[in-house]
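Reading through the structure tokens given below for one structure.
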Amino acid sequence: MRWLHPVRPLVLVALLFAAACGKDALAPANMGISVLFIGNAYSGTNDLPGVVEALLDSAGPRPNHTEGEILIGLALKDHWVLGTGKDFIDKGGWNYVIMQQGPSVGTGFPSLVQYAKLFAQEIRAAGAKPALWEVWPIPEALSNFDGISASYQAAADSIGGIFVPAADTWQRAWTLDPSLKFYAANGVTASPLGTYALAITIAAELAHKDPDVFPDAVNTRSGETIVVDARSATLIKYAARSVLATR
């Protein structure tokens, strides 16, 4: 499924979020984790991989390491055909490789499953665990949230991988405060607050940590800064804990 994005389609943008890490795919208990993101602007906006890394570093142990293989406007099929995703996986040293594409309900679902399965084989061969994180619909189609969540859950189940219900945190938080601005002004991508909520959910799931251990402000190595007021951070952490506990 081709995701509609306000930037030009088929522009390839590689965003690298790097810090030195060891080569062992299974990190020792006193070491951080290494995560590769494969996706498009859902992952690239506001440096989501970098925010996840900063959250993990804040909670310890360190060092944690994330990289993002981000192709704006493209799907997992495109990553596979271009070979770029496999090249990043083959670098090795990952604990997790976490993937996403567009909403992938209806006609987009078979492609999500097909290419998630192909990538999962490569991921496991590299000694890592495959995961999928759930994205969101445009504001005019909020009724699609549940369908997107179900699609990503089913795709993760089909590969025996980890499902991270990141966008479900938005929904749960909205039941507590509908005024939380998780969408950017363009109505498509995530706002910094939205990215923070996604990152909290991803970091908590992959590192097996309570969302409360993470700070309300992060500074990424790429220069992204996100500061969340205490009330919003409390609601987001509660929402993330709730959706992760009910999976």
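All of the numbers you see were taken from the coordinates with simple rules; none came from a lab. In this text the structure is predicted, and so the values were computed from the model without any measurement. Every residue, glycine as well, gets a Cβ built from its backbone with ideal geometry; the counts of neighbours run over all protein chains shown.
What to note about this one:
- The set of residues in region 50-104 being assigned to a helix (DSSP H, G or I) and over 27 Å from I148 (Cα atoms) consists of A54, D57, S58, A59, D87, D90.
- Scoring N64 on the criteria (1) surrounded by 24 or more Cβ atoms within 10 Å (Cβ to Cβ); (2) more than 19 Å from P137 (Cβ to Cβ); (3) under 15 Å from the mean Cα position of the chain (by Cα) leaves a single failure, condition (3).
- Qualifying positions in region 173-209 - within 21 Å of A59 (Cβ to Cβ) and basic (K, R): K209
- Some residue of region 30-41 being over 14 Å from the mean Cα position of the chain (by Cα), over 15 Å from T189 (Cβ atoms) and not hydrophobic (A, V, I, L, M, F, W, C): yes
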